[in-house]
Amino acid sequence: MGRGRKHASRKRPAKKSRGRGLRLLALAGLAALILGFLAKRVMIPSAVHYIAYRAPDHPSTSEANPPATSENLTPSDRDKLNAIIKDKSK
């Protein structure tokens, strides 16, 4: 009769703690929230500003050295320009 319950003396395997997995998941979620906040507030605006307002890499020679005659106005053109400026400033 003593041999009928053989596995009753065997130890059960320990249950795995679900708390450790949940803590790890919560920590990963918190890290994702922090990284998202930093990206939204710091990295994205600076990247957009860099892309939108940077100087051209290689300006063409005509833009770098405008012709000197472009600012030479005739007296009649200068009078017309002064009249326009005076009208706009009123």
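Throughout, read-outs are computed from the coordinates displayed, never taken from laboratory work. Being a predicted model, the structure only gives us computed values, none of them experimental. All Cβ positions, even for glycine, are placed from backbone atoms using ideal geometry, and neighbour counts span all protein chains on display.
Numbers for the structure displayed
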{"quantity": "For ASP79, ASP87, order by how many other beta-carbon atoms lie within 10 Å, fewest first", "calculated": "ASP87, ASP79"}
{"quantity": "Neighbour-count ranking [beta-carbon atoms within 10 angstrom, fewest first] of ARG23, ARG54", "calculated": "ARG54, ARG23"}
{"quantity": "Ranked list, fewest to most other Cβ atoms within 10 Å of each Cβ, for ARG20, ARG12", "calculated": "ARG12, ARG20"}
